[in-house]
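Derivation of every value follows stated rules applied to the coordinates shown; laboratory data play no part. All figures in this text were calculated on a predicted structure; none of them were measured in a lab. When we count neighbours, we look across all protein chains shown, and the Cβ atoms used for this are built from the backbone with ideal geometry, even at glycine.
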Amino acid sequence: MSEALLPPSLRPRDDVGAIFEDIAPYVGRSIEERSAMVSDLCRLAAAQLSARPDWRRVLAYQDPRSPESEGLWMRLVSAARQTRSP
């Protein structure tokens, strides 16, 4: 089957094309419009969370850091502290 016959959502795309396609609806929007979208999303998230009996646990959850990201963080903290030392 030709890719042209597939719906756009099923056609292969490269990463850059996918990103630009995803952000296309938001390009050129004013800060007020983007702010309204964020507010709407926050209200939706609050409504979904309030419907859960475990909402506190959900809000408190943090993804664990990988050993690589933990090591990078510690190196960055150490470097920042060294630049501040007299």
Residue that is nearest to LEU59 (Cα to Cα), among those in region 28-42 that are over 17 Å from the mean Cα position of the chain (by Cα) and of a type outside the set (S, T, N, Q): ALA36
Residue list for region 64-74, filter: surrounded by 10 or more Cβ atoms within 10 Å (Cβ to Cβ) and part of a helix (DSSP H, G or I): SER69, GLU70, GLY71, LEU72, TRP73, MET74
